[in-house]
Amino acid sequence: MSLHHLIWWAIAIALVVVLALTGAQLARALRELRRLESRVDAYADLPVVKALERGERDVARIEAALAQIEPLIERAKHALEIIRRGPIPPEVIAGARRLWTEIAAFRATIGR
């Protein structure tokens with residue numbers, strides 16, 4: 001066998017060894033990735049993470065409630081105006097006075 005062939009055989013063997021070591025490193029990296037994934041999944045079950053998720057939901061609910069507070073304030077102002085006018089609306093009082101005057105006028109015409 002010539003020196004030229006021996007060099008090519010040495011290069012081929014070195015290439016196979018490098019590819020085998022690369023494959024082994026890739027397999028190790030995948031194994032570590034699976035292990036890391038299982039740990040991350042386990043972290044999701046921690047009480048701290050659940051409390052943080054619950055806190056995020058609470059913040060979202062509070063933000064939604066604060067967004068709706070302006071219409072509630074307007075409704076409360078309107079309700080206060082009605083309460084300040086009295087328990088009976090002025091339209092009802094005016095209607096009752098007109099009815100009272102009509103009844104008084106009717107009685108006056110019947111009594112003659």
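The values are calculated or read from the model by the stated rules, or taken from the named source; none is laboratory data. Please read all numbers here as calculations on a predicted model, not as lab measurements. Neighbour counts are summed over all protein chains in view; Cβ atoms, including those assigned to glycine, are modelled from backbone coordinates with ideal geometry.
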Within segment 1-55, take every residue that is surrounded by 10 or more Cβ atoms within 10 Å (Cβ to Cβ) and acidic (Asp, Glu) and give me the one that is modelled with the highest pLDDT. 32
Every pair of residues 6+ apart whose Cβ atoms lie under 6 Å, when the first sits in segment 64-77 and is at positive phi and touching a residue at least 24 places away in the same chain (Cβ under 8 Å) while the second is part of a helix (DSSP H, G or I) and basic (Lys, Arg): none
